[in-house]
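The values are calculated or read from the model by the stated rules, or taken from the named source; none is laboratory data. Owing to the predicted nature of the structure, the values given are computational and were not obtained by experimental measurement. Here the Cβ is made from the backbone with ideal geometry for all residues, glycine too, and neighbour counts use every protein chain on show. Keep in mind that these areas ignore ligands, DNA and RNA; they rest on the heavy atoms of the full protein, side chains included. Shrake-Rupley method; radii C 1.70, N 1.55, O 1.52, S 1.80 Å.
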2 protein chains.
Amino acid sequence: MPSHNNMTTRTHVDLTKLLTPSSIAIIGASTNTTSISGQPLRLMLEVGYAGKLFPVNPRREEVQGVKAYPNAQAIPEPCDVALVAVSAAQVPQALRDCGEADIPFAVVLAGGFAETGKLGEAAQKELDAAIKDSGVRVVGPNCIGVANIATRAFCAFGGALYDKSLEPGPVAVVSQSGGVGLSMMAHAHARGVDTRYLVSCGNEADLDFFDFCHTLLAQDDVQLILAYLESSLEGKRLRELGKRALEVGKPIILLKVGNSGAGRRAAGSHTGKLTADYTLFKATFKEGGFVEVTDLHEMADVAKLVLGGRYPKGRNIGVLTGSGGWGVMVAEAYERNGLQLPLPTPETAEKLKAVVAEYGSIGNPIDTTPVYGKQHTVLEIIVNEPNWDMLHVRSAGGPVLKEWLPNFLNVAKRTDKPIIIGWSPVPGLDLDIKHELEKNGIYCASFAAEAGRAVGLFTDFAMKRKQLLERGQKLAQRPIAKQTLDLAGSGALAEHVSKQCLARYGIPATKEVLLSLAAILALKEAPVSFPVAVKLASPDIPHKTEADAVRLNVKSLDELKAAAQAVVNGGKKHTPDARIDGISVQEMASGVEMIVGAVNDPHFGPYVMVGLGGVLTEVLHDVSHRFAPVTPDDAHDMLAELKGAKILEGYRGAPPADVEAVVDVLVRLSWLIHDHQDRVGEIDVNPLFVRAKGKGVVAADALVVLR
Amino acid sequence: MPSHNNMTTRTHVDLTKLLTPSSIAIIGASTNTTSISGQPLRLMLEVGYAGKLFPVNPRREEVQGVKAYPNAQAIPEPCDVALVAVSAAQVPQALRDCGEADIPFAVVLAGGFAETGKLGEAAQKELDAAIKDSGVRVVGPNCIGVANIATRAFCAFGGALYDKSLEPGPVAVVSQSGGVGLSMMAHAHARGVDTRYLVSCGNEADLDFFDFCHTLLAQDDVQLILAYLESSLEGKRLRELGKRALEVGKPIILLKVGNSGAGRRAAGSHTGKLTADYTLFKATFKEGGFVEVTDLHEMADVAKLVLGGRYPKGRNIGVLTGSGGWGVMVAEAYERNGLQLPLPTPETAEKLKAVVAEYGSIGNPIDTTPVYGKQHTVLEIIVNEPNWDMLHVRSAGGPVLKEWLPNFLNVAKRTDKPIIIGWSPVPGLDLDIKHELEKNGIYCASFAAEAGRAVGLFTDFAMKRKQLLERGQKLAQRPIAKQTLDLAGSGALAEHVSKQCLARYGIPATKEVLLSLAAILALKEAPVSFPVAVKLASPDIPHKTEADAVRLNVKSLDELKAAAQAVVNGGKKHTPDARIDGISVQEMASGVEMIVGAVNDPHFGPYVMVGLGGVLTEVLHDVSHRFAPVTPDDAHDMLAELKGAKILEGYRGAPPADVEAVVDVLVRLSWLIHDHQDRVGEIDVNPLFVRAKGKGVVAADALVVLR
């Protein structure tokens, strides 16, 4: 895929020694095993870290039974990581010592730096200097550390790490909150999704969220990342990360918080960082690579589906149920989450008739209610149903499920379609069945809403992954080559200059003429085609509507003359000594009124947006965003996302609007801002009138603002 | 509360013998213990039903070791219930036998009746006749039966009933799907919410969902109902049920499905019944009494809160956290669900400063991150914070939680505010702590989103319960007495007659005059105040806009004359021989354009609706509904529900709109349709122009349609 982005790419850091250290120095190791400075050593001794541990404590010969050293330089062997567990004031010296001792990484646990606002400003400055001087790459400060579940290298603290049942899996956890990071790991583990690496980012004085994610994506022993993100202004790096995740097919399942209200207030006070508007995060998530979830159990559910390894080829699901009620619940849950439930092909329906009793239901859902014990026969028939990319089976639990499990697995193994099975589990029971199913990539879901949500999100990712190559090819087909534009000066360009810029990129605008009142009163025919807008042109009257100096939808020559007189009267009454340049008579475009725009965001880069104008855009914020450049498919998706999209299908008896022309404008506009992002800050086309299908669009007003 | 409803109330049935039978006849009892006809006897023998069991099987002396009888009449003792486990064809005779034997209730399991569509029509007819003839009150057919968990009277089948850990609690389950009913009971049990009665409604040939719910609400041993509803046209009974639930303070926690798409299709094929539009169900749920949930775990969560018995007095919650990240997640989850997070009072903040370290955060959330082990001291300070109606505490789990539990409980017991505590539980561990907390009405939640959702729904119910009396008093204060209206004839009333009806109820409308073209051309002054709308009045031109026979926003006498000429020209061009009554010159109202309406729904009764008109109403369906009559508070809530509500605050620099006047119109309109529901079918006021605050509203068009 050709790269169309001028993103600032930081060199990726080799974090091998940090993530899998052979030897660890613990600076400030304490004998108090419940304190933060005592926990990591206790923990590693308890869980059996096989590498070497070097406690540093100037006041002791040994700590928790391990020989201690007065400082990092005194450690007789090279260390991969220093766990810095001293108080904030002592951290800079500790880092300098690590530098002296050639320890490449340090994990700093203490809080009291930039995250505390003004209070920690001075401490942060000293910390930054120490990082720079020492050359040590730092995790934190104000973090709970870094843990490798496989080697039990726990440069970290926290209750969840004491869980002896933890086993390494193909998952990495990267979190801007230590507490949430531990919870993510714990909840995922409870769901059978096992973490190998846990990284708490802290206040990111040096290494940050993106460094960790990029490195972990590149590791063979990581298949997905569970991530928690509170705040960031690094939009371009976020987008780059998402792209990378999509390319390597390893989703970053992300909980993004701090988006509004008290949450945003709390996130601000938690990390002390600014964050960009949520809109642009959402646009980033739509580029693919990220799966945005709203809670930890959803996160674990999606991870379970990813690790199951069964990727759907489309959005169609068939539901098989033994309970009519469950069929309804499951069907609704999938539809709410963007999946479709088409009916089976006639061939399949025919075969089903022989099995499902007369008063069962052969449709989607297939309700076998009265046919006990024939579910695997039904499954056998539907497993290759071409109309269905996925299957959901609602089963009775307990003994019934146990009985048909072997047959079920036999059939399930013959397909790589995702199969979801749901039953009402009794706590503590059925766990063997669940394990057996999950081993075969079958997704077990107790609740309809949860299954719907997780499968919907997983399918979104699968579809983006599937379309990745194709999208790249489509992006390579520009609708127009890069055009030269006259973008001298600064600030906003005049309307006609703005319209010229659009025209260079093939975006049409309305015609207008400027005439004197006398000239209009003498007109014998329309200067531009009716209906027209009549506006007084005066440098002294910027707000024409307030001055009663505008008439819209003027339809005949007589009315034009009356209107021209009226706007002059209105203007004179409003501003008696106003200079009058003339009267502007503009083609009144008609059609569906839309807003199309492009913004060159300083953090995320250029994007295009589209909305249906008026209250929909301004009050309901019914607007869709995508980063530039976009493909026609992207533009179609943008339109489909609008809550008011139905307006384009023909509202109040209007004919269907020229959607293809809007798509074309969005694509061209996206190339315009992409090509000229060094100069263009913002483009507004408002309104863009969309005529009936095949009749095109026309920009009635346009504004290009230079950076 | 005075009753303002002419609802059709069915006599409530005494179901004591059905729900708690002392003796049960099992018609068609089978020796095959895995078959549906064999399961109930096996089940009751296994779980130890203490009443008498009388299997009926003409081919056997005994069934499963219990003496059998050839028919119901042969049973030597009176039976409270007959469990009818024979095939569809044998059911009518079985019911007649039960009638002969004076058995008051029968539970019919077999399917094959109306729920199978055409196929079962004849069988249903015979069934209906047998019900009528026998006088037996029937549950089902096509159900899984009725179970009393306390007495183990299981006139039912289904795997979940074999769970020996089931214990009776203060909960009843009523379900239109047997499978979902069993799942509801099982999932609630797993959440520590125990069911006493389980009723599967089946196809409701006789007793139905409402009969069951009403009876169960009246029982002292039931504190709430978990219900599943697929379809119903009985809107008035549903509303009546909700009101009753609110009055007795026992919520019906309801999963309503079959609302759209494949779900609705499946529900139709499952129950074979029609159902009303979901909109009216939603309006019913807003009346209170129902708590609408979207999945079974949410259902159990809300039940847990209800049974905890701590009702919030308002919507304000304070969050205490030891993890900044969790604080953000929890805060956002509550805000998403209609709760508020105000800051603590200065007094509380002052006290907190002494406990929370300098770089903790004293706000909402309170983040004690650096202060380990002081959470109960903080809790002690905030428990009586007047700004907070509820408290959420995020805690570390395991040993930390165990340690501070006694202190926590001590503080918690001193308040009746809801307290929610969350930690990351390790599966199988912490259960004793959870039990101890829940015993004290503390709600334990692992996930932020779940807690937010459940607490939000519970708070909605609590607020409605709190406002019940007050609302009744407000409803008693009519803004206007019942007016006599001239409602002769049928169909739609003319615009001016419709406007007169509104006027009688104090709802103002625009002025208009009908003039000839000559009269207009001769005008020396405005006939109604400018701006005006100019419309050709012709019985031959119903669609004026299409005929170019309308001019809006005409602002001066000259323009009026040009416009009058133009609409005549337009009309003549469009329909050359059109009869012309004159030209209507109407006051152009201005302001925010709204739609207000009232409909007398045949199933649910009269209601009012409000929307912001145009695309918001027609495309986005941004409309709010309430049943009539409404209070000013209800009307305010309706407006607040509109997604476009911000428009009323002053959009594009407009002054804030006269919301009180809109509220007044809604209240008056609701009394109009309430008072005249015997005659009025529908009222449309479109548009209603809402002027600036204090300036009132005016109906620009109105239509009253008689029933």
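If you check B:Lys482, B:Lys535, B:Lys474, B:Lys464 for being among the basic types (Lys, Arg) and exposed (fewer than 15 other Cβ atoms within 10 Å of the Cβ), only one passes: B:Lys482.
If you go through the range B:259-274 one residue at a time, do you hit one that is within 14 Å of another protein chain (Cβ to nearest Cβ) and modelled with pLDDT of 95 or more? No: zero hits.
Taking the range A:85-143 as the range and being acidic (Asp, Glu) and more than 35 Å from the chain's Cα centre (by Cα) as the test, the residues that pass are A:Asp97, A:Glu100, A:Asp102, A:Glu126, A:Asp133. The criterion of at least 2 residues that are at positive phi and crowded, with 24+ Cβ neighbours inside 10 Å is met by none of the strands (runs of 3 or more DSSP E) wholly inside the range A:144-217.
If a residue has to be in a loop (DSSP other than H, G, I, E, B) and loosely packed, with under 15 Cβ neighbours inside 10 Å to count, how many in the range B:9-32 make the cut?
Result for the range B:9-32: 6.
Of the numbered criteria (1) in a loop (DSSP other than H, G, I, E, B); (2) of a type in the set (A, V, I, L, M, F, W, C); (3) surrounded by fewer than 19 Cβ atoms within 10 Å (Cβ to Cβ), the one A:Leu405 fails is (1).
One residue stands out among those in the range B:484-522 that are of a type in the set (Gly, Ala, Ser) and assigned to a helix (DSSP H, G or I): the one that is farthest from the chain's Cα centre (by Cα), which is B:Ala518.
If only one of A:Ser323, A:Ser361 is over 33 Å from the mean Cα position of the chain (by Cα), at the interface with another protein chain (Cβ under 9 Å from one of its Cβ atoms) and without any contact (Cβ under 8 Å) to a residue 40 or more places away in the chain, which one is it? Give the derivation first.
Values: A:Ser323 fails: without any contact (Cβ under 8 Å) to a residue 40 or more places away in the chain.
After ruling out the rest, the residue left standing is A:Ser361.
Kindly indicate whether any position in the range A:102-111 is within 14 Å of chain B (Cβ to nearest Cβ) and not hydrophobic (A, V, I, L, M, F, W, C).
Here is the first cut: in the range A:102-111, the ones within 14 Å of chain B (Cβ to nearest Cβ) are A:109-111.
Now narrow it down to the ones that are not hydrophobic (A, V, I, L, M, F, W, C): A:111.
So far as the range A:102-111 goes, yes, one or more of its residues are within 14 Å of chain B (Cβ to nearest Cβ) and not hydrophobic (A, V, I, L, M, F, W, C).
Considering the range B:542-565, the residues that are closer than 17 Å to A:Leu552 by Cβ and touching a residue at least 24 places away in the same chain (Cβ under 8 Å) include one that is most open to solvent (accessible area, probe 1.4 Å), namely B:Leu552.
Among the residues making up the range B:218-228, those that are touching a Lys or Arg at 6+ places or on another chain (Cβ under 9 Å) and either at pLDDT below 95 or surrounded by fewer than 22 Cβ atoms within 10 Å (Cβ to Cβ) (or both) are B:Ala218, B:Gln219, B:Asp221, B:Val222, B:Gln223. Inspect all residues belonging to the range A:45-54 and state whether any of them is over 39 Å from the mean Cα position of the chain (by Cα) and buried (at least 18 other Cβ atoms within 10 Å of the Cβ). Within the range A:45-54, one or more residues are over 39 Å from the mean Cα position of the chain (by Cα) and buried (at least 18 other Cβ atoms within 10 Å of the Cβ).
Scan the range A:640-659 for residues that are buried (at least 16 other Cβ atoms within 10 Å of the Cβ) and at the interface with chain B (Cβ under 9 Å from one of its Cβ atoms) and jot them down.
A:Lys643, A:Gly644, A:Ala645, A:Ile647, A:Tyr651
If you go through the range A:498-514 and keep only what is open to solvent by 40 Å² or more (accessible area, probe 1.4 Å) and touching a strand residue (DSSP E or B) at 6+ places or on another chain (Cβ under 9 Å), you end up with A:Gln500, A:Ala503, A:Pro508, A:Lys511, A:Glu512, A:Val513, A:Leu514. Taking B:Ala122 as the residue in question, decide whether it is part of a helix (DSSP H, G or I) and touching a Lys or Arg at 6+ places or on another chain (Cβ under 6 Å). No. Here B:Cys201 fits the description: within 26 Å of the chain's Cα centre (by Cα), among the hydrophobic types (A, V, I, L, M, F, W, C) and more than 12 Å from B:Leu226 (Cβ to Cβ).
Cβ-Cβ contacts under 7 Å between residues 6 or more apart (or on different chains), taken from a first residue in the range A:522-538 that is under 22 Å from A:His574 (Cβ atoms) and among the hydrophobic types (A, V, I, L, M, F, W, C) to a second residue that is open to solvent by 60 Å² or more (accessible area, probe 1.4 Å) and in a strand (DSSP E or B), are listed as A:Ala533/A:Leu552; A:Ala537/A:Leu514.
Contact map, the range A:23-52: first residue touching a residue at least 60 places away in the same chain (Cβ under 8 Å), second residue open to solvent by less than 20 Å² (accessible area, probe 1.4 Å) and of a type in the set (Ser, Thr, Tyr), Cβ cut-off under 6 Å, separation 6 or more or different chains; pairs are A:Gly51/A:Ser23.
Per the conditions (1) within 11 Å of another protein chain (Cβ to nearest Cβ); (2) at pLDDT below 95, the sole criterion not satisfied by B:Gly140 is (1).
Residue check: is A:Lys250 away from chain B (no Cβ under 12 Å) and modelled with pLDDT of 95 or more?
The answer is yes for A:Lys250.
Output the residues belonging to the range B:469-483 that are farther than 11 Å from B:Tyr505 by Cβ and part of a loop (DSSP other than H, G, I, E, B). Give the steps one after another, and end with the answer.
The initial filter retains those residues of the range B:469-483 that are farther than 11 Å from B:Tyr505 by Cβ, namely B:469-477.
Passing the criteria: only B:Gln477.
Here are B:Gly597, B:Gly605, B:Gly570: which of them is modelled with pLDDT of 90 or more, crowded, with 21+ Cβ neighbours inside 10 Å and within 11 Å of chain A (Cβ to nearest Cβ)? Steps first, please.
On the way: B:Gly597 fails: within 11 Å of chain A (Cβ to nearest Cβ); B:Gly605 fails: within 11 Å of chain A (Cβ to nearest Cβ).
Sole residue among the options that is modelled with pLDDT of 90 or more, crowded, with 21+ Cβ neighbours inside 10 Å and within 11 Å of chain A (Cβ to nearest Cβ): B:Gly570.
The residues of the range A:306-322 that are β-branched (Val, Ile, Thr) and either open to solvent by 30 Å² or more (accessible area, probe 1.4 Å) or under 19 Å from A:Gly363 (Cβ atoms) (or both), listed by number, are A:Ile317, A:Val319, A:Thr321.
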